[in-house]
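Before any comments, here is the structure.
The values are calculated or read from the model by the stated rules, or taken from the named source; none is laboratory data. Note that this is a predicted model, so its numbers are computed, not measured. So basically every Cβ, Gly included, is an ideal-geometry build from the backbone, and we count neighbours across all protein chains shown.
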Amino acid sequence: MKWLKSTGRALSEELPPSERKAFETQLDRISRHLKTADPGSRGLVLFAGPQTWEEIPLQVEVRDELHWGKPSLQQMAWVLDEHRLRGAVLIDGSGARFLRFFLGTIAEDPPLEFTLDISSWRMPHMVKPSTSPVAKRAGIERDRVAARIEEQRKRFLKRLSDRIADWANEGQIRPVLLVGEAEEIEFVAQSMPEDLRDRIATLPKVLTRISSGEINKRLQPLLTSWEREYEAALVKDLISNEGSSHQAVTGLDETLDQIQKGNVRELVVARGLTGSVNQCVNCGWIDASGGPVCPVCGSGRQVRALRTVIPELALSQSAAIEIVAGKAASDLRTAGGIGAWLRTPMVASKGRKVS
């Protein structure tokens, strides 16, 4: 509340006199709400205006910000990328459970059940046979039943792999963690389309009759570990391919130049990237040079924070953003803290296992 009061006072002084009353009305409205609201979340996004009130609680940390006028969505762009939708499929004898992890919460989608149709089967003898020929026949029947069960199970696993592929693609889920018996999850992973296998991680462990809360507690660290490994490999590839066949660039100057020319398909940014750039008030060109005049059209320029500029550029050029942390972020900072894959075909990497 102390931060909100001081920041609100400073922002009010910067606004045109005609807008101050409306701003202060909404600021007072927000202050009264926050004094009485039950937090129940780690972060909160509020959109408040004369005809607007929308409150979005978040289970992830956010940076304190206050804006007036056009809604500022830049921080949400960072949050959504850092906490992208992730998934897990728990496979056991009864079927498969589908779980989505997003912004610190967990949700469960309809399961895929495994059922045996044995109505037309000739069942094996379950009593001790009196003669050896009967014993032999009973053993053969048991083998046939076991083979039919195995056949139905494989058909189920193949159907499951198709369901997972559709589920992951529709929801843009990455990674998908397969949890179950080692042979079964490997079979499912190998049955997936090749372009999806780099989004698959495996955990050879059967988790039955376990609550969503316990699943979240046990699997979130594994999903995070997979992401850190994926990011480290991504940055390593990015740096090694810099300047190679025009596939990648690193560093702020080259990255800004390429994205404004429409050549970037994916930005890779170290978490916590700071700094500022200059943007022309006329043509909009952005670079990190310190001159007051735009090098393109000669007009004046304004200072912009990188964390607000990057999402805008990515959106304008339909480029994806990959925010990396841990070792990946440390390695990328040695190359300027930012880089980009250019619009050229890339070879997909192999899937990784989680132990």
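Here's the yes/no breakdown for (1) in the same structural domain as Phe102 (by TED's automatic domain parsing); (2) within 30 Å of the chain's Cα centre (by Cα); (3) of a type outside the set (Gly, Ala, Ser):
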{"residue": "Ser6", "(1), (2), (3)": "no, no, no"}
{"residue": "Leu15", "(1), (2), (3)": "no, no, yes"}
{"residue": "Lys21", "(1), (2), (3)": "no, no, yes"}
{"residue": "Glu24", "(1), (2), (3)": "no, no, yes"}
{"residue": "Ser31", "(1), (2), (3)": "no, no, no"}
{"residue": "Asp38", "(1), (2), (3)": "no, yes, yes"}
{"residue": "Thr52", "(1), (2), (3)": "no, yes, yes"}
{"residue": "Ile56", "(1), (2), (3)": "no, yes, yes"}
{"residue": "Asp64", "(1), (2), (3)": "no, yes, yes"}
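When each of Ala201, Ala232 is tested for being in a helix (DSSP H, G or I), among the small types (Gly, Ala, Ser) and modelled with pLDDT of 90 or more, the lone residue that passes is Ala232.
Could you tell me whether Ile286 is aliphatic (A, V, I, L, M), on the phi < 0 side of the Ramachandran plot and under 19 Å from the mean Cα position of the chain (by Cα)? Against the criterion (aliphatic (A, V, I, L, M), on the phi < 0 side of the Ramachandran plot and under 19 Å from the mean Cα position of the chain (by Cα)), Ile286 does not qualify.
Among all positions in the stretch 32-45, there is at least one residue which is in contact (Cβ under 8 Å) with a residue 24 or more places away in the chain and more than 30 Å from Val269 (Cβ to Cβ).
On the stretch given as the stretch 94-108, residues that are more than 15 Å from Phe156 (Cα to Cα) and part of a loop (DSSP other than H, G, I, E, B) total 2. Checked against the criterion of being surrounded by 14 or more Cβ atoms within 10 Å (Cβ to Cβ), modelled with pLDDT of 95 or more and of a type in the set (Val, Ile, Thr), the stretch 317-338 has at least one qualifying residue.
Residues checked against (1) buried (at least 17 other Cβ atoms within 10 Å of the Cβ); (2) more than 24 Å from Asn169 (Cβ to Cβ); (3) in contact (Cβ under 8 Å) with a residue 12 or more places away in the chain:
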| position | (1), (2), (3) |
| --- | --- |
| Met192 | yes, no, yes |
| Thr202 | yes, no, yes |
| Glu214 | no, yes, no |
| Lys217 | no, yes, no |
| Ser225 | no, no, yes |
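The single condition among (1) surrounded by 15 or more Cβ atoms within 10 Å (Cβ to Cβ); (2) outside the structural domain of Thr334 (by TED's automatic domain parsing) that Ala248 does not meet is (2). Scanning the stretch 1-56 for residues that are surrounded by fewer than 14 Cβ atoms within 10 Å (Cβ to Cβ), among the hydrophobic types (A, V, I, L, M, F, W, C) and farther than 22 Å from Val79 by Cβ returns Met1, Ala10, Ala22.
Give the stretch 265-307 a look and list any residue that's surrounded by 15 or more Cβ atoms within 10 Å (Cβ to Cβ), β-branched (Val, Ile, Thr) and over 15 Å from Ile323 (Cβ atoms), or say none. Hits for the stretch 265-307 are Val277, Ile286. Contact map, the stretch 296-320: first residue of a type in the set (Ser, Thr, Tyr), second residue assigned to a helix (DSSP H, G or I), Cβ cut-off under 6 Å, separation 6 or more or different chains; pairs are Thr308/Gln74.
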